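Colleague: Okay, here's the structure, questions in a sec.
The values are calculated or read from the model by the stated rules, or taken from the named source; none is laboratory data. Note that the coordinates shown come from a computational prediction; the quantities given were computed from them, not determined experimentally. Cβ sites come from the backbone with ideal geometry, for glycine too, and all protein chains shown count toward neighbours. The area values use the complete protein model at the heavy-atom level, side chains included, leaving out ligands, DNA and RNA. Shrake-Rupley method; radii C 1.70, N 1.55, O 1.52, S 1.80 Å.
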Amino acid sequence: MHPSTRYHSPLVRRFNRVTRWFNRVGLRRVDLSADGLLARARKETGLERFGDESFLPALRALLDALEQEARLNPFGRFIAQGRILRSLRNRLWANACFEAHPEILQRKIAAPIVIIGPHRSGTTRMQRMLAADTRLAHLKTWEGFNPAPRPGWPEEGNTARRDEIRHMLQGAPQVYPGAFTAHPMDADWPEEEMLLLNHAFCSFSFFGAYTLPGYYRWFLEADKTAAYRDMADLMRLISWSRGDPEDRRWVLKNPQHMLDLDVLLRTFPDAKLVFTHRDPLKTVGSVMSLMWRYTVQHTDAPCRAPVRDVWLDFCEQMARRSIRAREAIPPSQQLDVQYEDMNRDWRGTMGRVYDFAGLDFTAEAENALGGWLAESRREGRHEGHSYALEDFGATRDEVDARMGFYRERYAIPYEGGQG
């Protein structure tokens, strides 16, 4: 066995072996050409119009990097094609809905509560706790993957859309060992709007699943205005299809927002921003581990060093841009929360969040949040993820040197009290 493939799951190993045999006897490789994917999505949906095609430069940048840099194995090509086709189909279905019901795009999104912080800093915990408050709207995982109703399908495809993601997630832990221990997912659980940005092909999740240094460089400099507009329009579509009132406030979260706070606030000018902070020695090591668990299944090439290089840099880039952008944001729109404070006193910390957001922290809300937290602890949803910087050739001193400015700016303690 090639040393770089020893981490492949048995299912991935078998898939690669069988597919390579079929390729040798004449089966064509999975198509990752833009023209081929666009044509196939149109054929599968029976629809022609994508509407606004501002997504095409991002799609082409992604596909170029997948072909030229990612060194995909057969499973990696298969997964990449499936992800892109799902997004293209959803774009076609969404545009059909917008054309049939132009009033959707006029829906207001009022003062969303947006949780922003480095990956692995407690953003998921806070979003899922807030989502337990039924006064607030949130994105469900199946809606993020399949946001668009499907005209002409029974129930507009609602059951099919959910079942597709439920079945996908049932098998995913066997395909990506350890990834769903680090970040548990369920079709009906709250999830971040990264899933919606994926449909604009302008999301960190792509270089979190493949080795794509060229796409990463493009992503850092890309104007994400159109991608954020698409994200907001998909939120409008989801809330319309649910029958939600327009004034029901959303609770959002995505670490990527640190990179583009200006675009976020142009999209949601009255957003209330909650920033979470955690020891970079923990967040950087944890996110490297999580992203490697996806990337390693998609390539036969060694990928620990590329994962380290991209994610250490991305953590630094997000922190630096966030600090600069926050200087122009009114204090009334931003709140800082330490990870350790949530651990010590979640009620007091969430009370601060509710006050900041202008919501009453009612007994019903407190009980709902506490119930979610108790269930999460009882099921051990966030236990068992082991990681070490050394696994990726990184050191504590290196992370401190790159991220020390961020620790100092927000007085972030070392976890365990050890510097």
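Colleague: Taking segment 158-185 as the search range and keeping residues that are in contact with a Lys or Arg (Cβ under 8 Å, 6 or more places away or on another chain) and free of Cβ contacts under 8 Å to residues at least 60 places away in the same chain, which one is farthest from residue 227 (Cα to Cα)?
Modeller: Kept after step one, since they are in contact with a Lys or Arg (Cβ under 8 Å, 6 or more places away or on another chain), are these residues of segment 158-185: 160-161, 176-179, 182, 184.
So of that shortlist, the ones also free of Cβ contacts under 8 Å to residues at least 60 places away in the same chain come out as 160-161.
On the way: 160: 26, 161: 22 Å.
The selected residue is 160.
Colleague: Output the helices (runs of 4 or more DSSP H) that fall wholly within segment 293-411 and possess 2 or more residues being among the β-branched types (Val, Ile, Thr), or say none. Before you say what the answer is, go through the steps one by one.
Modeller: Values: elements: 304-326, 339-344, 346-357, 363-379, 396-409.
Of the helices (runs of 4 or more DSSP H) lying wholly inside segment 293-411, those with at least 2 residues that are among the β-branched types (Val, Ile, Thr) span 304-326, 346-357.
Colleague: Here is a follow-up. I'd like the full set of residues that are touching a Gly at 6+ places or on another chain (Cβ under 9 Å), closer than 19 Å to residue 47 by Cα and modelled with pLDDT of 95 or more, limited to segment 149-183.
Modeller: 149, 150
Colleague: Still on this model: Can you tell me which residues in segment 259-278 are under 21 Å from residue 352 (Cα atoms), open to solvent by less than 10 Å² (accessible area, probe 1.4 Å) and not small (Gly, Ala, Ser)?
Modeller: So the first thing to find is which residues in segment 259-278 are under 21 Å from residue 352 (Cα atoms), and the list is 270-278.
Still in the running and open to solvent by less than 10 Å² (accessible area, probe 1.4 Å): 271, 273-277.
Within segment 259-278, 273, 274, 275, 276, 277 meet the criteria.
Colleague: Would you pick out the residues in segment 25-47 that are open to solvent by less than 70 Å² (accessible area, probe 1.4 Å) and part of a helix (DSSP H, G or I)? First the steps, then the outcome.
Modeller: Just the residues of segment 25-47 that are open to solvent by less than 70 Å² (accessible area, probe 1.4 Å), to begin with: 26, 30-34, 36-39, 41-42, 45-47.
Once the filter is applied, which keeps residues that are open to solvent by less than 70 Å² (accessible area, probe 1.4 Å) and part of a helix (DSSP H, G or I), segment 25-47 yields 34, 36, 37, 38, 39, 41, 42, 45.
Each row is one residue, and each column tells you yes or no for (1) farther than 27 Å from residue 65 by Cα; (2) part of a helix (DSSP H, G or I).
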residue: 158; (1), (2): yes, yes
residue: 161; (1), (2): yes, yes
residue: 177; (1), (2): no, no
residue: 184; (1), (2): yes, no
residue: 210; (1), (2): no, no
residue: 217; (1), (2): no, yes
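Colleague: What single numbered condition from (1) under 28 Å from residue 296 (Cα atoms); (2) crowded, with 17+ Cβ neighbours inside 10 Å; (3) modelled with pLDDT of 95 or more fails to hold for residue 50?
Modeller: (1)
Colleague: Would you mind finding the one in 22, 78, 98 that is outside any loop (DSSP other than H, G, I, E, B), open to solvent by 40 Å² or more (accessible area, probe 1.4 Å) and more than 25 Å from residue 216 (Cβ to Cβ)?
Modeller: Working: 78 fails: more than 25 Å from residue 216 (Cβ to Cβ); 98 fails: open to solvent by 40 Å² or more (accessible area, probe 1.4 Å).
Every option except 22 fails the conditions.
Colleague: Quick one: which residue in 377, 347 is farther than 30 Å from residue 305 by Cα, without any contact (Cβ under 8 Å) to a residue 40 or more places away in the chain, surrounded by fewer than 16 Cβ atoms within 10 Å (Cβ to Cβ) and in contact with a Leu (Cβ under 9 Å, 6 or more places away or on another chain)?
Modeller: 347
Colleague: Within segment 284-309, take every residue that is of a type in the set (Val, Ile, Thr) and either without any contact (Cβ under 8 Å) to a residue 24 or more places away in the chain or buried (at least 22 other Cβ atoms within 10 Å of the Cβ) (or both) and give me the one that is nearest to residue 206 (Cα to Cα).
Modeller: Taking segment 284-309 as the starting set, the residues that turn out to be of a type in the set (Val, Ile, Thr) are 284, 287, 295-296, 299, 307.
From the residues that got through so far, the ones that are either without any contact (Cβ under 8 Å) to a residue 24 or more places away in the chain or buried (at least 22 other Cβ atoms within 10 Å of the Cβ) (or both) too are 284, 287, 295-296, 307.
Details: 284: 18, 287: 14, 295: 10, 296: 13, 307: 12 Å.
Going through the qualifying residues, I end up with 295.
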